[in-house]
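As C-alpha cells, the structure follows; a few thoughts come after it.
The values are calculated or read from the model by the stated rules, or taken from the named source; none is laboratory data. It should be emphasised that the depicted structure is a prediction, and the values quoted were computed from it without experimental measurement. Please note: Cβ atoms are built from the backbone with ideal geometry, for glycine as well, and neighbour counts cover all protein chains shown. What goes into the accessible areas is simple: the full protein's heavy atoms, side chains included, and nothing from ligands, DNA or RNA. Shrake-Rupley method; radii C 1.70, N 1.55, O 1.52, S 1.80 Å.
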Amino acid sequence: SKTDSPVIVGFHSPSCGSCKVQKPNLETIMKEESFKNVPALMADFDETSDFRRELAKPVRSPSTIVVFKSGKEIERIQGVTEINQLRAALQKALKQ
C-alpha cells in the first residue's frame, strides 16, 4: 500500500563490513523518539535481488539505506556508518 508517510529500508549483508556498523546504528536511531513512528525494514541484501532490481534505481551494494515516500524513492544513503551522520541524513530525508 502506498502511504504518504516515509518508509526506511536498510539493505545489509552479513558479509559486508560497513553493514556491521551501519545496521545496529540504524536500529538504534529507529528507536529514538523522533523516528519511532517511521516504519523501518531491514532487508537482507543477498535475499532481495528481485526487489532491488525492480526499484527505479537498483540497489547495487549493501550498506545502503533507501527512504521511500508515497511509493517513490526520496533519498539514498550509501556507506554512511557513523551514527550522527546517519541520523542527520535521515532527518534531512524525512523533512522532504
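List of remarks:
- Estimated 222 nm signal from helices in the chain, with DSSP H stretches of n ≥ 4 weighted -39500 (n - 2.57), rounded to 500: -9000 deg cm²/dmol
- Charges were assigned to the Cβ only: +1 to each Lys and Arg, -1 to each Asp and Glu. The resulting dipole of the chain about its Cα centre is roughly 280 debye.
- Charge dipole of region 1-41 about the Cα centre (unit charges at C-beta), most positive-ward option of 9, 19, 39: 19
- Average accessible area per residue (Å²) across the chain - probe 1.4 Å, nucleic acids and ligands excluded: 59
- Correct choice for Rg and Dmax of the Cα atoms in Å that was computed from the model, options (i) 13.1, 36; (ii) 13.5, 39; (iii) 12.4, 34: (iii)
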